Amino acid sequence: MKCKPTINILGIAFWDDSVESCYEHLNQKGGLMMAPSGPGLGSIAREKEYYESVQQADVAIPDSGYMVLLWNLFRRPKIKRLSGLAFINYFVEQFPRETNRSLLLVNPTPDEQRANVAYLQSLGVAIMEQDCYIAPLYAKGKVEDAALCAFIEAKKPDWVLINIGGGTQEILGAYLKKHLSYQPALICTGAAIAFKTGKQVHIPAWADQLYLGWLVRIASAPSKYYKRYLEAIPLLGLILKYGPREVTHFQS
C-alpha cells in the first residue's frame, strides 16, 4: 500500500501533497482531517488534549503559514502550505459532482447554518437543513456529544463538515472518530466555509497564497484577532526545540 505523503512536524504527520490528492484520499478512504492553526499549534505544550486530538488526525493539512515559514526556514525537508480555505474552495467545486456521496454539516449557530446551506445549495450540493446539526456550547475540557454521534449514525453521511471554532473542533473530531461505528470523512476546517458565505471577512486568493489571511482578519476586527494570533509566537521555540519530534514536556 502506498504511504501517505507526509512530513512530521512536532510529532504531527502533515500532508505534503496537492489539495486534489488530499480530497481524493478522503473521498475514497474517509478519516479525520484537521487544519491546525498557528495559535493552536503554539498552545500544544500546555493544551495536551488538543495536541493529542490533532495527533489522531488521519490527514493534518499545513494550514498555518507561520508554521510553514518557520519550518522551511529552520528545518528540512521543506513543506508546501495547504490552507483550509484552499481545501474548501476545492471541495465546493468538486463535491457537487459526487452524486453518490452525502454530506452532513455541524454548525455553530442557526444563522450560520442557514448561510452554509444556502451557499452550498447555490453550488448544486444536495444538502438540506435536516442534514445539519447545531453544536451546543461545549464546556472546556469536556468536548463530548453523544447526540451528534447518534445523529451521524442515523444519517450515515460520507462527509461531515465541522464548522465550529478551532481548539474545540479538533477535540470533537477525535471524539467522533473514536465513537462512530464507521469512518466518514470528518473535516475540521472551522471558519473556512464562513469566508465563502460572508459570515467571516473575505480573504482574497492572493492574500491566502501569500500567507496573509491572518493579517486580513486582524484588520477586519483587531480586538477580536490580535491577541489570538499572538498565541502563535511560542511555535518558534517549539519548532527549534523539537523539530519533527513529539512534544513531551507539558506546562502545568
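Computed from the coordinates by the stated procedures, all read-outs in this text should not be read as laboratory data. Note that this is a predicted model, so its numbers are computed, not measured. Here the Cβ is made from the backbone with ideal geometry for all residues, glycine too, and neighbour counts use every protein chain on show.
A few remarks follow.
- Principal-axis tilt of helix 110-122 within the chain, Cα atoms, nearest 10 degrees: 80 degrees
- For segment 67-74, 3J(HN,Hα) per residue [Karplus equation, 6.51 cos²θ - 1.76 cosθ + 1.60, θ = phi - 60°, Hz, x = Gly/Pro]: 4, 4, 4, 4, 4, 5, 7, 10
- Listed residue pairs exceeding 20 Å between alpha carbons, taken from LYS48/LYS241; LYS80/LYS178; LYS48/LYS177; LYS80/LYS227; LYS155/LYS177; LYS4/LYS155: LYS80/LYS178; LYS80/LYS227; LYS4/LYS155
- A simple charge model with +1 on the Cβ of Lys and Arg, -1 on the Cβ of Asp and Glu and nothing else charged puts the dipole of segment 66-142 at about 740 debye relative to its Cα centre.
- Relative to the longest principal axis of the Cα atoms of the chain, the long axis of helix 169-179 lies at roughly 60 degrees.
- Structural descriptor for the chain: relative contact order 30 percent, calculated from alpha carbon pairs under 8 angstrom and at least 6 residues apart.
- Expected 222 nm ellipticity per residue - DSSP helices of 4 or more, -39500 (n - 2.57), all of the chain, to 500: -13000 deg cm²/dmol
- Reachable aspartates and glutamates from LYS78, criterion Cα separation under 20 angstrom, eight or more residues apart if same chain: ASP16, ASP17, GLU20, ASP63, ASP208, GLU246
- Karplus 3J(HN,Hα) series, Hz, for segment 144-156 with 6.51 cos²θ - 1.76 cosθ + 1.60 (x for Gly, Pro): 9, 7, 5, 5, 5, 4, 5, 5, 5, 4, 5, 8, 6
- Cα-based Rg and Dmax for segment 84-189, where Dmax is the largest Cα-Cα distance (Å): 13.2, 39
- Across all directions, the shadow cast by the convex hull of segment 10-242 built on its C-alpha atoms averages 11.9 square nanometres.
- Positive-pole candidate from ILE239, PRO222, PHE195, dipole of the chain, charges at beta carbon: ILE239
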